[in-house]
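Only one structure is covered here, and it is reproduced in the block below.
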Amino acid sequence: MAAAAMLIGDPVSGAPTVAREKLEEIFEDVRSHPLYDHELYGCLNCGICTATCPSAYYYDYSPREIVQLLLTENLEGVYDVMQEKIWACAQCYTCAARCPFHNSPGGLVMILRETAIKHGMQSAKDVLKPFTRVLMKLITTGNQLAPNMITPDAFADWGPNIAKIKAPLNILRKAIPVPTLHTMDTAWEVNIKTSIELYTIWEASGVLDQLETIDPNLFDVVNDLMDEKREEYQEWVDEHPAESSAV
Ligand code: SF4
Ligand code: SF4
């Protein structure tokens, strides 16, 4: 077969051509996702999902289009929406509540996003880049936004409300009658054993592999922090054998 016949491109967007084998591999990853058959049952093409979708109101985005592309196995179209459109979904699941076929276009978008990350697509890298600090916090501490991350520079989109964060949060949080909330470095303190259990889950479930694909530098930093915490926990276990067996 001639090389040109093996390539499929998008004649409208002018995006680089992609080998058909690659398109088939991506589509197969989407279709074999354990949740796929629970999110897509059929489609009347009625457009109710798009009519009630908040993202469709503001962006060039349509859940009906996503469902139709998947249902008709339009490999180029699926690949094309993964380059930008899937990141417009707000994950509100209004579509799932309204679809007469009980489809979940929002759930299908999540599968497409996971697949975009798995394949290291540039769209996934671009979308996740601003969240590097949040991702690191989440993976290393078990919670995402910490009080000391809320700065005017980081949340300029809050507008005038950003002035409210000038309150002495470090003092105010000490007044909360829940000791795990007295910290500023994390939203709440997570037990180190729980943190290590989370690391194991993220390793076993492939979350860290996905992180390595999307951001190798962040992956290295996260790995170092996880090793430090595991060593710290092991030292504590060695020093407190009786207490650690009771935890
Ligand atoms: S989950 Fe996504 S596709 Fe569904 S209604 Fe909300 S924004 Fe639209
Ligand atoms: S609401 Fe359901 S059946 Fe109607 S177009 Fe959307 S996915 Fe298809």
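Couple of notes before you dig in:
- Highest GNM mean-square fluctuation among Glu212, Glu235, Glu65, for the chain modelled with Cα contacts below 10 Å: Glu235.
- Gain on full extension, evaluated as 0.36 nm per residue between Thr180 and Asp220 minus their Cα-Cα distance, stands at 11.6 nm.
- Links that overshoot a 19 Å alpha carbon limit, given the list Lys118/Lys229; Lys137/Lys174; Lys137/Lys229: Lys118/Lys229; Lys137/Lys174
- Distance between the modelled labels on Leu71 and Glu231, one decimal in nanometres: 5.6 nm (7 Å Cα→Cβ projection).
- Tensor-based shape of the chain (alpha-carbon gyration tensor, a/c under 1.5 rounded, otherwise prolate or oblate): prolate
- Gyration tensor verdict on region 10-119 (Cα atoms; rounded if a/c is under 1.5, prolate if a/b is larger than b/c, oblate otherwise): prolate
- Amide H contacts of Val18 (H built 1.01 Å from N, under 5 Å, at least 5 apart or other chain): Ile8, Gly9
- Each Cα pair under 8 Å and six or more residues apart adds its separation to the average, and for the chain the resulting relative contact order is 14 percent.
- In degrees, nearest ten, helix 20-31 long axis to first principal axis of the chain (Cα): 60
- MRE, 222 nm, helices only [DSSP H, n ≥ 4, -39500 (n - 2.57), over the chain, to nearest 500]: -15500 deg cm²/dmol
- Cys with no candidate disulfide partner in the chain (beta-carbon separation under 4.7 Å rule): Cys43, Cys46, Cys53, Cys89, Cys92, Cys99
- Separation between Cα centres of region 57-120 and region 147-165, rounded to whole Å: 32
- Top positive-direction residue, dipole computed over the chain with Cβ charges, set Pro54, Val127, Leu145: Pro54
- Inter-site label distance for Ser32 and Ala167 at 7 Å from Cα along Cβ, in nm: 5.1
Coordinate-derived values only; no laboratory data. Just so you know, these numbers come straight off a predicted model, no measurement behind them. Ideal geometry is used to build each Cβ from the backbone, glycine not excepted, and the neighbour counts take in all protein chains shown.
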